[in-house]
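Visitor: I have a structure here, written as structure tokens, and I will follow up with some questions on it.
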């Protein structure tokens, strides 16, 4: 009876490229003992790397230590995870949300002023320079514990609150831009920071959904193609795009 697993020859024939497993750790970091068991299994199934979405399970410290949950991993545990994957010749792709899904940051009273909509903690304000300062600190701390990564995922999906606050409205009027351009400009600043400060980063990855309905001209004018790579997420049986979508 077949085990259902592919041997090396079969994997080479059937599968090519990277096969990445997404670990979404927010709220519940997996025990190291479990990860040490599951990583070899994933490797055997053909996985080539792990996309790790830390959210509040990363051990942020210094003036942003409040972002780390009480049950967050320690720095040594993060290093251990990286070394375990390196031993298995599997890559690590950190995922840090830098626009939407920012509740784990904006829920804290210290960062309420960074919200796009004061009432809701989902998205930051891309027109507030303090947001970038905070994001850069977060990226630096993650890179410090993952110095060898070549790919970094900056999230940016489901930014439902965009171009709403007074700062954003004023900026859009001033520069004669729309919400698409506002979104892409922020993404570009975050990705450029990683590429400029960490030359080993070959690709900054972003979720694709905010690109699907965007005007092609807005994307081309921002020159995002040189610094980001969209990663598709879709939960339906078949992937369909609007006729004016670009991906």
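The values are calculated or read from the model by the stated rules, or taken from the named source; none is laboratory data. As the structure is a computational prediction, the values presented were derived from the model and not from experiment. Neighbour counts are summed over all protein chains in view; Cβ atoms, including those assigned to glycine, are modelled from backbone coordinates with ideal geometry.
Visitor: Which of the following residues is within 19 Å of residue 144 (Cα to Cα) and free of Cβ contacts under 8 Å to residues at least 60 places away in the same chain: 98, 87, 48, 57?
Guide: 57
Visitor: Which numbered condition in (1) outside any loop (DSSP other than H, G, I, E, B); (2) without any contact (Cβ under 8 Å) to a residue 40 or more places away in the chain; (3) over 17 Å from the mean Cα position of the chain (by Cα) is the only one that residue 235 fails?
Guide: (1)
Visitor: From the residues in the range 200-222 that are closer than 27 Å to residue 117 by Cα and out of contact with any helix residue (DSSP H, G or I) (no Cβ under 8 Å at 6 or more places or on another chain), which one is surrounded by the fewest Cβ atoms within 10 Å (Cβ to Cβ)?
Guide: Here the answer is 213.
Visitor: Could I ask something else about it? Can you tell me how many residues within the range 67-90 are under 20 Å from the mean Cα position of the chain (by Cα) and not in a loop (DSSP other than H, G, I, E, B)?
Guide: Qualifying residue count, the range 67-90: 7.
Visitor: Determine if the range 138-157 includes at least one residue that is farther than 30 Å from residue 40 by Cβ and out of contact with any helix residue (DSSP H, G or I) (no Cβ under 9 Å at 6 or more places or on another chain).
Guide: no
Visitor: Here's something else I'd like to know. Of the residues that make up the range 109-118, is at least one in a strand (DSSP E or B) and either in contact with a helix residue (DSSP H, G or I) (Cβ under 6 Å, 6 or more places away or on another chain) or at positive phi (or both)? Explain how you work it out, then say what you get.
Guide: First pass over the range 109-118, keeping only residues in a strand (DSSP E or B): 115-117.
Add one more test, that the residue is either in contact with a helix residue (DSSP H, G or I) (Cβ under 6 Å, 6 or more places away or on another chain) or at positive phi (or both), and what stays is 115.
Yes, the conditions are met somewhere in the range 109-118.
Visitor: Right, something else. Residues in the range 26-35 that are touching a residue at least 40 places away in the same chain (Cβ under 8 Å) and touching a strand residue (DSSP E or B) at 6+ places or on another chain (Cβ under 9 Å): how many?
Guide: So the count comes out to 2.
Visitor: Condition check: under 16 Å from residue 143 (Cβ atoms) and either at pLDDT 95 or above or in contact with a strand residue (DSSP E or B) (Cβ under 9 Å, 6 or more places away or on another chain) (or both). Does residue 38 satisfy that?
Guide: no
Visitor: Under the condition of being in contact with a helix residue (DSSP H, G or I) (Cβ under 7 Å, 6 or more places away or on another chain) and part of a strand (DSSP E or B), which residue from the range 92-108 is nearest to residue 198 (Cα to Cα)?
Guide: 94
Visitor: Right, residue 110: over 19 Å from the mean Cα position of the chain (by Cα) and in contact (Cβ under 8 Å) with a residue 24 or more places away in the chain or not?
Guide: The answer is yes for residue 110.
Visitor: Suppose we filter 105, 92 for residues that are touching a strand residue (DSSP E or B) at 6+ places or on another chain (Cβ under 7 Å) and at pLDDT 95 or above; which single one remains? Break it down stepwise before answering.
Guide: Values: 105 fails: touching a strand residue (DSSP E or B) at 6+ places or on another chain (Cβ under 7 Å).
Step by step, each of 105, 92 is checked, and only 92 is touching a strand residue (DSSP E or B) at 6+ places or on another chain (Cβ under 7 Å) and at pLDDT 95 or above.
Visitor: Taking the range 171-187, which residues are free of Cβ contacts under 8 Å to residues at least 40 places away in the same chain and either at positive phi or in a helix (DSSP H, G or I) (or both)?
Guide: 172, 173, 174, 175, 176, 179, 180
Visitor: Tell me whether the range 151-166 contains one or more residues that are assigned to a helix (DSSP H, G or I), at pLDDT 95 or above and in contact with a strand residue (DSSP E or B) (Cβ under 9 Å, 6 or more places away or on another chain).
Guide: Checked the range 151-166: no residue is assigned to a helix (DSSP H, G or I), at pLDDT 95 or above and in contact with a strand residue (DSSP E or B) (Cβ under 9 Å, 6 or more places away or on another chain).
Visitor: A further question follows. Looking at the range 153-199, which of its residues are surrounded by fewer than 16 Cβ atoms within 10 Å (Cβ to Cβ) and farther than 24 Å from residue 55 by Cβ?
Guide: Matches in the range 153-199: 166, 167, 169, 170, 173, 174, 175, 176, 178, 196, 199.
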